[in-house]
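Below is one structure, written out as structure tokens; comments come after it.
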Amino acid sequence: MNPRVAREYIESCLKIRTKSGTVVPFRLNAAQQKLYAVAKRQQDAGKPVRIIILKARQLGFSTLTEALLFHACATRENVNALVVAHREDATANLFRMSKLFYDELPAPIRPMLRASNAQELVFENPSRASRLALPGLRSRFRCATAGGRGIGRSDTLQCVHLSEYAFWPEAGESKAATLAGILQAVPSAPGTMVIIESTANGCEDFKDRWDAAVAGENDFEPVFFAWFENPDYVMPVEPGIEWTAEEREVRERYSLSWEQMRWRRWCIANNCGGSRDMFRQEYPANPDEAFLHSGSGVFDNGLIIRRREEAAAPVRRGRFVPGDEDGGTVWQDDDAGEICLYRECEPGHPYVLGGDTAGEGSDWFTAHVIDNSTGEQAASLRRRFSEPEYVRQVYALGKYYNDALVALETNFSTYPVMKLMELGYPNQYRREREDTFTHRLRESCGFRTDRQTRPRAIANLVEVFSAHPEWFSDRELLGEMLTFCYNEDHRPEALAGKHDDLVMAAAICYAARHQQRLTVAAPGGSPGDAAQRAARRRRIRRGRI
């Protein structure tokens, strides 16, 4: 597919049927042009086209994607294209669209059909009467419905369109297995194309794939299209209309026109049963709104979404690695590092580090650091580790932040807190526990989450976030908050298949802060203290702890 030639072909040769039933030439709208530009950029870079689209309803991406696949099949030899839709009626509609492309092609460039049935076009030799005789194409364009077994597994595919993937049925093999089989049939070579597009359907496999694309964990480029990118979503504004504070805030945040806001109000009232939450899911303004779920969220989703839009990127990202012969550690910048620094260490400031270790139901080690004088998040850690490596990173991170108070969860292992003691870490959280032999209370290091401490820690985190969402900077933590809900027994926990390790680390962090001072240490002190602070500043500047 040559994108420049493809667009000329699409807009010069292909026709579509409008909602009113009229057949007109295909002209790319603004949203379609945005998608087209992404595909062109990938191919200009010599890459295979791989795009995952999260969209509001009825923006025309299926139409453009069908046109790109049709162009490839109708102009190139030996192209095998596959379209998979979520329902049989959708499959039929997509095939009719492609058949109309063929029927309305100018005769000189219309390739001969060897076969055409309800869901397939097979191109053979062009018409012998054509003055622009083309070689035999032997290309194939096929539409299928998700839910059957083995779709695409026996083929080698060059172009694939997976439509409304979030709504594929789970009958037969799982949709994830179907998708894996199709993707394995597409060579990872320039000239191939895979486009996955869907509106959201809660927190399921499509969201996982979208999140992986956003995180750069696969080669798919994530492209989001908001409802207001559809130029048809406008309505005239009646004189004297009164706008709510919420409507004014939405208009200002996304720089919308009053005509767009009038359509939004109409759509909420008529298409969404008066529910703004339903509108956000069906016609999202950002990806977080698209993936809103029907469960009872523990945190305020509106606050989370706004904060995720506003939160700045980390000032540094990386990890601590072994230093030189003095046995210290050195900070190493790495865009894929497990530690994000949102605020550099301030001399004299008190810090708290709360951590959740990998255990039952999770393989993530996490931690957060907050400035206890302000409550603001300073750093985060999230990675699959061995326990020894987790301890090394926590030790270095705590030392970096002025010997932060470290509170690590001890439910599944006491190794981290014991190892910190062995290393001589000077500032660990202490709790009281009953000695099983003497029944006396004694102090132990670490934070234990149980039926008493867990609800209090979570409730405290909810209260802190509601009052000060601006304190929270980590987007992954905020993402976990979106899927942290009350279950049937009203117990707060992550939705099935999601994680709450960062949420629990943050809850522990804010629950432990009473054991750390709240004030910034005054400058001065003994000569020895001053010398230690100066030496520490030199180590920090060199990145050594």
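For this structure, a couple of remarks:
- For the chain, share of DSSP beta bridges that run antiparallel, in % to the nearest 5: 60
- Net charge in the neighbourhood of Asp371 (other residues with Cβ under 12 Å of its Cβ; Lys, Arg +1, Asp, Glu -1) is 0.
- Nearest 10 degrees, 0 to 90: helix 175-184 Cα axis against the chain principal axis: 70
- The chain, accessible surface, carbon-and-sulfur percent (1.4 angstrom probe): 49
- Gyration tensor (Cα) of region 262-359, equivalent ellipsoid semi-axes in angstrom: 44, 14, 13
- For the chain: accessible area per residue (Å², 1.4 Å): 47
- Solvent-accessible area of Tyr415 with every protein chain in place, 1.4 Å probe, in Å² to the nearest 10: 80
- Tilt relative to the chain, helix 30-44 - C-alpha long axis, 0 to 90 degrees, to 10: 80
- With one equal scatterer per alpha carbon and no solvent term, the Debye-computed log10 I(q)/I(0) for region 44-107 at 0.13, 0.17, 0.21, 0.25 1/Å reads -0.43, -0.73, -1.06, -1.31.
- Global form of region 215-267, assessed from the alpha-carbon gyration tensor, a/c cut-off 1.5: prolate
- At q = 0.13, 0.19, 0.22, 0.24 Å⁻¹, base-10 log of I(q)/I(0) for region 1-97 (Debye sum, equal scatterers on each alpha carbon): -0.47, -1.06, -1.44, -1.65
- The angle between the Cα long axis of helix 205-214 and the longest principal axis of the Cα atoms of the chain comes to about 70 degrees, rounded to the nearest 10.
- Computed across region 339-402, the Kirkwood radius stands at 12.1 Å (inverse of mean 1/r, all Cα pairs).
- Loop-located trypsin sites (Lys or Arg not before Pro) in region 470-518, at most 15 other Cβ atoms within 10 Å (DSSP): Arg517
- Dipole check for the chain: with +1 at the C-beta of Lys and Arg, -1 at the C-beta of Asp and Glu, and the Cα centre as origin, the magnitude is about 1360 Debye.
- Computed with a 1.4 Å probe over protein heavy atoms only, the accessible area of Tyr486 comes to about 70 Å².
- The alpha-carbon positions of the chain define a convex hull whose volume is 200 Å³ per residue.
- Separation of the Asp334 and Glu217 label points, Cα + 7 Å toward Cβ, nm: 1.7
- Between Gly337 and Gly318, the built amide H atoms are under 5 Å apart, and every one of these is 5 or more places off in sequence or on another chain.
The values are calculated or read from the model by the stated rules, or taken from the named source; none is laboratory data. It should be emphasised that the depicted structure is a prediction, and the values quoted were computed from it without experimental measurement. All Cβ positions, glycine included, derive from the backbone under ideal geometry; neighbour counts span all protein chains shown. Each accessible area value is taken on the protein alone, full model and side chains, heavy atoms only, with ligands, DNA and RNA left out. Shrake-Rupley method; radii C 1.70, N 1.55, O 1.52, S 1.80 Å.
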